[in-house]
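The values are calculated or read from the model by the stated rules, or taken from the named source; none is laboratory data. Since we're looking at a predicted model, the values are computed, not measured. As a convention, Cβ positions derive from the backbone with ideal geometry for all residues, glycine included, and neighbour counts pool all protein chains shown. Ligands, DNA and RNA are stripped out before the accessible areas are found, and what is left, the full protein with its side chains, is counted by its heavy atoms. Shrake-Rupley method; radii C 1.70, N 1.55, O 1.52, S 1.80 Å.
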2 protein chains.
Amino acid sequence: MLTRIPKQGSGIIFRAKVFPKTLKFFSTTTLNFKPLVTGSGANAASNPQLTFPCLDKLERKNKELSLGILKKHANTLESGPEPAYNFEQTGFKLYRSEKPIFLDNGGHLPEYEIAYETWGKLNESKSNLIILQTGLSASSHAKSHPGNPKKGWWENFIGPGLYIDTNKFFVVCTNVLGGCYGSTGPSSIDPSNNEQYATRFPIITINDMVRAQRELVRDVFGVQKIHAAVGASMGGMQSLAYGWEFPDEVEKVISISGCARSHPYSIALRHTQRQVLMSDPNWNRGFYYGKIPPHVGMKLAREIATVTYRSGPEWEYRFGRNRADESKPPALCPDFLVETYLDHAGEKFCLEYDANSWLYVSKAMDLFDLGDQNRAKAVAIRQQAEENYYKNSNYIPQTSSIVPKKPYSEKVSRASITVEDALQDLKQGMKKLSQTDVLVFGVESDILFPVWQQREIANVLRDNSQGGDVEYHELGTDVSNYGHDTFLLSLNDIGKPVKKFLEA
Amino acid sequence: MLTRIPKQGSGIIFRAKVFPKTLKFFSTTTLNFKPLVTGSGANAASNPQLTFPCLDKLERKNKELSLGILKKHANTLESGPEPAYNFEQTGFKLYRSEKPIFLDNGGHLPEYEIAYETWGKLNESKSNLIILQTGLSASSHAKSHPGNPKKGWWENFIGPGLYIDTNKFFVVCTNVLGGCYGSTGPSSIDPSNNEQYATRFPIITINDMVRAQRELVRDVFGVQKIHAAVGASMGGMQSLAYGWEFPDEVEKVISISGCARSHPYSIALRHTQRQVLMSDPNWNRGFYYGKIPPHVGMKLAREIATVTYRSGPEWEYRFGRNRADESKPPALCPDFLVETYLDHAGEKFCLEYDANSWLYVSKAMDLFDLGDQNRAKAVAIRQQAEENYYKNSNYIPQTSSIVPKKPYSEKVSRASITVEDALQDLKQGMKKLSQTDVLVFGVESDILFPVWQQREIANVLRDNSQGGDVEYHELGTDVSNYGHDTFLLSLNDIGKPVKKFLEA
């Protein structure tokens, strides 16, 4: 029954004259251009206004936070198979160093604490200590224990008879320097002025983190040589860094889904997360403690990160093109099942991890590079800072180390070093590991730490080897489509070679 | 000369008592916890405060925008090899339909305009028209012409004797419905109330876009059957959609780096961009026209998108681990060369494209699915909307089509259809293309539209073929590491098979 005649009328023709075509679309010349309401603004629009329940929710949260009435977020949210990190971290022990630590980029901490947890027992010869190193957001709570019965992120990997056998080994897992689960980080108090560091915290590196771990290993346990440094993701950077810093103090290194230097692509992915977080007005350049935290920026940053933790094929199987509710119309707020999953992942995390810690630890990952030039520069800067500190009792790192007030302008328009020369530099830098036994794992479906980065570690170590055994395992897509998160999920595929290597 | 004794003293011990360990790190229980300044707050911090030139810059821009004094952003920024889209789009022609268009999700536009540009001449038999379809942010300006001498995004692909030979073909490129380069979109005036649509614009689909294009082809040029529909990226969705909607009206289809249905991984990537943009307070639920636009959200969204347009290996070669200025200390603001590149890419774009258009067109990509169930549902909804419209002269789409006020809750906890069944559904849906000749291109280094999506198109078409020729080309990493942007850069590798296919 198509009886209605398409609308025509003076209103439309009039509009065509008032709004020249070239002004109809957006440009800076029309920024202050307010459309005249020439017709009947009270008339109904052609279509209903979209609603934005996701924004309503953020606004409610802002309000609750400002009133201090935020309830702990419900754990009923569909959390997927990720480990549930502990909202309130407890049950760790604290190592406290009253000696300062000098950092790769010239800053220092006049004193610091490292939170840690342990499983198993140190043997009499003190030869069975394994240091377990964490990823970006994981805490030292790798496994439950009497001090904290909640499940840890590698609950079924560590234990009596398991892949890391606590009948044989004494396992120590630390919270990284710069983090927020008990170790000194941006939310800690700077003893120099008794205020929280916030963004007066110095830039740290992966190598800085492992040097703090080594102080703990020696001071608390009196261990001169550890049996192994074991880590996945950022932990797989740390285990290599431990081998690099203390080649005579570590028997074996295991690096899972890690790398020897961060790739520009990984830097780009983390860059977007940091910029999103820093753009949240509540971040307030790091000074949000005691105020509303940048929960929106953290949520968004975590969502972007979550995209990089898994693989496309896994999500096809898991979410497909299902919408959260097929009976509802499409929306700009989360709508497809995969969107509501990401939304939940961000939501869970946004008040759980300190935003400043995220920024500093994420930056430390970008800066990771065991190439010779980078490490030589870091060592020189650190030694200079230490010397200056002990010469001058009122020492503060020189202002020349402050980022200048205007954005960096490129001194080079493209990479100033060829891919081949960069590889040679990495080989030179990694010679310190030439006598260490190293087990490397790569996962083909990993997007964040692509598999060729782990092949690179193994190839460089093999080329350099002067007695150190290098073992390389790669999990193809026939074994795991879990991407970067494989080490949390495919326990047996990772665990069997780990056990064999540790116990050989 | 290590003479200084590590600091110890009452201040530190006192602090340890005032701030119990469990309160030192961030948790919701400490949200309103303001650290007491027990010591000498006036004392210098251990390290200098970081500076944030990138945030200073955003604040300056906000101020300039609010004062209406923003100058056109300088084009001196390192722009990379991307085509420079025109800041002020001109030189297009306008097709205007005063007939309404009814949409796949039940909304409608009572009238609409489509901006387009042309090259070459329509032959007498009206058999040589090629419709060229654009990606998400590209305009109709594919090539320079007297009306707009600026270079277009496929400048050296189209022209006399070139890959799309304008001596032989009449090429029409349109700006998509929902966009902001002249065609009706969220920044256009709704004739029903003479106000800009903003987020009263209805959700649109790729199929809606091509149905508008087809009206233009018939009304303006009187062409009953086009020679080819050609597109890359979102254009590669449109070309397939054109073949699906009008199988008897298109001779050949070329789909480059496209897909037959958006994958959950691509949806996830676009989801993060949309959420970041919508979280910019200046977005104001779409009602920012005449105010400060959400330039920060747009910048960040574009940066995330840019990460997906290229490949890791290309960036290793192009940026390596170079920092923008090696003589400066590391910073949380853009620092590595790849970061300043992303920053520039976002900067260039953030005032160039309308934020609402970005959201709607991005969503249209997510919704793209030539599977049978999805298309059958869309056709039914659209027909119902059309019927209701002509029955009731004051018709407004029913409120039942409005997104409900609370976030969607999952009706399924995982994909409700197996990967195999979803493929069968796609095969059924794509039978409409079984008699059309189709050329498909895939690029191995593409992250956004992974190569198996193009293999899928080709395989499904071949399985379905009832006379239609299916040709598939794949560019391996030995040919291109340019990822999704390959079609803009590897012209000869794409162009030669395109020319042969079009002229066969």
Enumeration of residues in the range A:467-504 that are at pLDDT 95 or above, acidic (Asp, Glu) and not in a helix (DSSP H, G or I): A:ASP469, A:GLU471, A:GLU474
Matching entry among B:LEU475, B:LEU439 (being among the aliphatic types (A, V, I, L, M) and open to solvent by less than 10 Å² (accessible area, probe 1.4 Å)): B:LEU439
Hey, B:PHE368 modelled with pLDDT under 95, open to solvent by less than 10 Å² (accessible area, probe 1.4 Å) and not polar (S, T, N, Q) or not: no
Scope the range A:307-344; condition over 26 Å from B:THR199 (Cβ atoms), open to solvent by 10 Å² or more (accessible area, probe 1.4 Å) and more than 7 Å from chain B (Cβ to nearest Cβ); matching residues: A:TYR309, A:PRO313, A:GLU314
Test result for A:ASP248, more than 30 Å from B:VAL296 (Cβ to Cβ) and free of Cβ contacts under 8 Å to residues at least 24 places away in the same chain: yes
Residue that is nearest to B:LEU426 (Cα to Cα) [pool: residues in the range B:363-378 that are at the interface with another protein chain (Cβ under 9 Å from one of its Cβ atoms) and under 21 Å from the mean Cα position of the chain (by Cα)]: B:ASP369
Residue match in the range A:290-308 (condition: assigned to a loop (DSSP other than H, G, I, E, B) and within 26 Å of A:SER490 (Cβ to Cβ)): no
Complete set of residues in the range A:98-125 that are open to solvent by 40 Å² or more (accessible area, probe 1.4 Å) and not small (Gly, Ala, Ser): A:GLU98, A:LYS99, A:ASN105, A:LYS121, A:LEU122, A:ASN123, A:GLU124
Residue check for B:TYR360: over 30 Å from A:ARG323 (Cα atoms), more than 7 Å from every other protein chain (Cβ to nearest Cβ) and among the aromatic types (Phe, Trp, Tyr): no
Any hit, the range A:455-467, residues being within 18 Å of B:THR477 (Cβ to Cβ) and either under 27 Å from the mean Cα position of the chain (by Cα) or open to solvent by less than 10 Å² (accessible area, probe 1.4 Å) (or both): yes
Matching entry among B:PRO160, B:PRO186 (being more than 30 Å from A:ALA44 (Cβ to Cβ) and either touching a residue at least 12 places away in the same chain (Cβ under 8 Å) or surrounded by fewer than 24 Cβ atoms within 10 Å (Cβ to Cβ) (or both)): B:PRO160
Considering residues of the range B:281-306 that are on the phi > 0 side of the Ramachandran plot and of a type outside the set (D, E, K, R) only, the residue farthest from the other protein chains (Cβ to nearest Cβ): B:ASN284
Scope the range B:165-192; condition hydrophobic (A, V, I, L, M, F, W, C) and within 14 Å of chain A (Cβ to nearest Cβ); matching residues: B:VAL176, B:LEU177, B:CYS180, B:ILE189
The range B:385-427 - residue that is open to solvent by 90 Å² or more (accessible area, probe 1.4 Å) and at pLDDT 90 or above and, of those, farthest from the other protein chains (Cβ to nearest Cβ): B:GLN424
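Here's the yes/no breakdown for (1) touching a strand residue (DSSP E or B) at 6+ places or on another chain (Cβ under 8 Å); (2) within 17 Å of B:PHE368 (Cβ to Cβ):
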site: B:THR436; (1), (2): yes, no
site: B:VAL440; (1), (2): yes, yes
site: B:LEU448; (1), (2): no, yes
site: B:ILE457; (1), (2): yes, yes
site: B:VAL460; (1), (2): no, yes
site: B:ASP469; (1), (2): yes, no
Residue identified as in a loop (DSSP other than H, G, I, E, B), away from chain B (no Cβ under 12 Å) and under 25 Å from A:LYS377 (Cβ atoms) among A:LEU162, A:LEU136: A:LEU136
Condition check for A:ARG218: within 25 Å of A:GLY429 (Cα to Cα), open to solvent by 10 Å² or more (accessible area, probe 1.4 Å), away from chain B (no Cβ under 14 Å) and not in a loop (DSSP other than H, G, I, E, B): no
The range B:251-280, subset at the interface with another protein chain (Cβ under 7 Å from one of its Cβ atoms) and in contact with a Ser or Thr (Cβ under 7 Å, 6 or more places away or on another chain), residue surrounded by the fewest Cβ atoms within 10 Å (Cβ to Cβ): B:LEU269
